[in-house]
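The values are calculated or read from the model by the stated rules, or taken from the named source; none is laboratory data. Please read all numbers here as calculations on a predicted model, not as lab measurements. Cβ coordinates were reconstructed from backbone atoms using ideal geometry, including for glycine residues, and neighbour counts include every protein chain displayed.
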Amino acid sequence: MLPAMAAKPQIAIVGPGRLGWALSIELRRAGYRVREIVARSSPGSQRRARALARLTRGCRVSSMSTHLEADLVWFCVPDREIARAAGQMAMHGDWKGKVALHSSGALSSEELRVLRRRGAAVASVHPLMTFVRGAVPSLGGVPFGAEGDPAAVRVARSIVRTLGGYLFTIPRNRKAAYHAWGAFLSPLLVSLLVTGEEVAGAAGFSKSEARRAMGPIVGQTIANYAKLGPSQSFSGPIVRGDVETIGKHLRILQKLPGAREVYVALARAALRHLPAGNRKALSKQLKP
């Protein structure tokens with residue numbers, strides 16, 4: 001651990017958006033002092049920072065004028081703003097002995113190099129979790145992908161463990177692949193479910209009816225996947241090699257070309273990775 005850093009460092013959160021909000025709440029719950037909420041000077045950012053500071057018993061400060069007292073500064077701003085925010089804040093105060101983290105899944109710790117030059121240990125620490133307005137997920141059991149200076153990664157590992165998650169390191173040159181993996185797990189999964197709603201509409205269901213009906217099967221499928229693995233949780237006409245039923249699906253989906261494209265892509269992925277009967281016939285039928 002860095003010299004003079006407490007077992008539970010005081011933390012400043014830069015950016016009171018969805019990630020910054022959830023992380024601040026969880027850090028406070030885990031016994032950390034969230035000393036400062038740093039926000040832009042825009043009214044919306046300042047309003048969110050004020051509300052979050054009240055919840056965490058910290059203080060709201062502006063990114064243009066702050067002199068941070070926290071031991072650790074965690075940047076929770078959009079990827080395109082990380083380097084700019086770090087450069088802006090590098091001009092304020094003494095960074096020697098501090099830790100600076102950002103939470104981009106795609107960008108490396110080099111985004112914070114200006115703070116490293118000022119004496120901070122820096123790392124990227126990304127929670128593999130989705131953060132949306134209106135929901136504050138628990139970070140218990142959540143994996144965090146990290147890379148950067150060893151001292152900063154050590155501090156981050158301790159924090160993540162206290163939050164109930166776990167930290168793994170990822171090489172800088174694999175971050176893009178790591179982030180693409182995350183895209184499949186949440187935003188593209190939502191895209192698949194929305195496509196499912198479209199197909200449900202062809203069967204006569206409204207979107208709200210479709211979402212209500214889809215919940216149990218989607219939840220059970222994910223539970224099966226987690227418990228049994230992909231092969232044992234895969235069911236339906238591809239496993240059975242039911243060429244006739246697949247043909248019926250493709251014919252009706254001709255009226256929904258975008259959904260048909262998604263269906264074919266996923267079915268072909270299933271043929272590559274999962275149990276299938278009549279594999280040759282299905283492969284022929286599922287040509288893009």
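Criterion applied to Ala213, Ala226 was being in contact (Cβ under 8 Å) with a residue 12 or more places away in the chain and farther than 20 Å from Pro257 by Cβ, and the one residue passing it is Ala213. When Ser104 is tested against (1) in contact with a strand residue (DSSP E or B) (Cβ under 8 Å, 6 or more places away or on another chain); (2) modelled with pLDDT under 95, exactly one condition is not met: (2).
Among residues of the stretch 101-122 that are in a strand (DSSP E or B), those with a beta-carbon under 7 Å from a residue that is among the β-branched types (Val, Ile, Thr) at least six positions away or on a different chain give the pairs Leu101/Val125; His102/Ile82; Ala121/Val99.
Of all the listed residues (Leu55, Leu68), the sole one being over 20 Å from Ala123 (Cα atoms) and either assigned to a loop (DSSP other than H, G, I, E, B) or among the aliphatic types (A, V, I, L, M) (or both) is Leu55.
The set of residues in the stretch 155-211 that are among the basic types (Lys, Arg) and buried (at least 17 other Cβ atoms within 10 Å of the Cβ) comprises Arg157, Lys175. On the stretch given as the stretch 237-268, residues that are within 12 Å of Pro288 (Cα to Cα) and touching a Lys or Arg at 6+ places or on another chain (Cβ under 7 Å) total 1. Among the residues of the stretch 123-153, those identified as in a helix (DSSP H, G or I) and crowded, with 18+ Cβ neighbours inside 10 Å are Ala151, Ala152, Val153.
Given the structure, is Ser235 among the small types (Gly, Ala, Ser) and outside any helix (DSSP H, G or I)? Considered against the rule, which asks whether it is among the small types (Gly, Ala, Ser) and outside any helix (DSSP H, G or I), Ser235 comes out as yes. Ser158 meets the conditions (1) outside any helix (DSSP H, G or I); (2) polar (S, T, N, Q); (3) in contact (Cβ under 8 Å) with a residue 60 or more places away in the chain in every case but one. The failed one is (1).
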